[in-house]
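Report on the structure given below.
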Amino acid sequence: RELLEAFPELKAIARKYPDELSGGQLQLLAFATVLLERHDLYVFDEVLNHLDRGLATRVMGYIASNLAGASNTHCVIITHDLDWRREYPGPLYVFVEGQVAARFAAGECAHDDTVMAMILKRKTHRE
């Protein structure tokens, strides 16, 4: 129910067949499906691909507020889009050929020709 309130678009696609959905609708559906169960670790690989900017902003806001803000929940977001890095600062790991090539603290930047993994804030029971 929480997901339907956050993403009312899900109601509109509920009765459609997969071949009737756009790339963005399929991406949103895949994202929502992952969230049906709670986990300690979420890895989102290019979760914002195929989404318009407004919906992508809401997805990132949901991840930051509802998942990364939860106790003992870790979120890794893999992206090539540096714009999200500026809006959601956190540790950034740059991977080159499958290896960690660099780590950047919040506020630092990286080259846009690399794969980035942003790790959003984590809370522990001690915080």
Dividing the alpha-carbon radius of gyration of region 11-58 by 2.2 N^0.38 Å (N being the number of residues), what value is obtained?
-> 1.20
Tell me, what is the 1.4 Å probe accessible area of D83, in Å² to the nearest 10?
-> 70 Å²
Tell me, what is the FRET efficiency for E97 and L26 to the nearest 0.05, using R0 = 35 angstrom and their Cβ-Cβ distance as r?
-> 0.75
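The values are calculated or read from the model by the stated rules, or taken from the named source; none is laboratory data. What you see is a predicted model, and the numbers here were worked out from it, not measured in a lab. Every residue, glycine as well, gets a Cβ built from its backbone with ideal geometry; the counts of neighbours run over all protein chains shown. These accessible areas exclude ligands, DNA and RNA; they are computed on the full protein's heavy atoms, side chains included. Shrake-Rupley method; radii C 1.70, N 1.55, O 1.52, S 1.80 Å.
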